[in-house]
Amino acid sequence: VQLQASGGGLVQAGGSLRLSCAASGRTFSSYDMGWFRQAPGKERELVAAVSWNGGSTYYTDSVKGRFTISRDNAKNTVDLQMNSLKPEDTAVYYCAAKRPRAINWLNGKNYDYWGQGTLVTVSS
């Protein structure tokens, strides 16, 4: 699976962005998908994730109620809608894919494929 992330940019606090991750390959629907982010000087963290069939989702506490992850297995895409953005959301965002048998969504080492990252900058 090859992943291509897009949609990052510069936005003012309170604004919105929609990130998209396009996957190649016929097995996209077999993978759980996650959006990670890494800010300068900080650890990479899982922001949101969705199970292979869309039945389960995860959000880190700091984005609950503001971000929404969705996937379209027919189009091989997973999106992250980000609303009410804050300066602390500034980071490089990566999409990643893991096999469902790896239960721990939070551990980046469980993800087999990664996109190239897209920069989100939120100005105050």
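Any read-out appearing in this document is the output of simple, stated calculations on the displayed coordinates, not a laboratory observation. The structure presented is a predicted model; accordingly, all values stated were derived computationally and were not measured. Don't worry about glycine lacking a Cβ; one is built from the backbone with ideal geometry, like all the others, and counts go over all protein chains shown.
Spin-label model, SER62 to GLN4: label points 7 Å out along the Cα-to-beta-carbon direction sit 3.0 nm apart. Counting lysine pairs in the chain that sit 8 or more residues apart in sequence, or on different chains, and whose Cα atoms lie under 23 Å apart gives 8.
Charged side chains reduced to their Cβ positions (Lys and Arg at +1, Asp and Glu at -1) give the chain a dipole of some 220 debye around its Cα centre.
Across the chain, the relative contact order, built from alpha-carbon pairs under 8 Å that are at least six residues apart, equals 35 percent.
Proximity of backbone amide H atoms, modeled 1.01 Å from N, is registered between LYS86 and GLY14 at under 5 Å, excluding neighbours fewer than 5 places apart on the same chain. Relative contact order of segment 67-124, taken over Cα pairs closer than 8 Å and 6 or more residues apart, is 35 percent. Derived scalar couplings between HN and Hα for segment 79-85 equal 10, 10, 8, 10, 10, 6, 5 Hz in order, rounded to whole Hz, by the Karplus curve 6.51 cos²θ - 1.76 cosθ + 1.60 (θ = phi - 60°), x for Gly and Pro. Under a Gaussian network description of the chain, with springs only between Cα atoms under 10 Å, the residue in SER30, SER56, SER20 that fluctuates furthest is SER56. Each residue, ASN73 and ARG26, gets one label point 7 Å from its Cα in the Cβ direction; the gap between the two is 1.5 nm. The distance between label points at LYS109 and LYS86 comes to 3.0 nm (points 7 Å beyond Cα on the Cα→Cβ vector).
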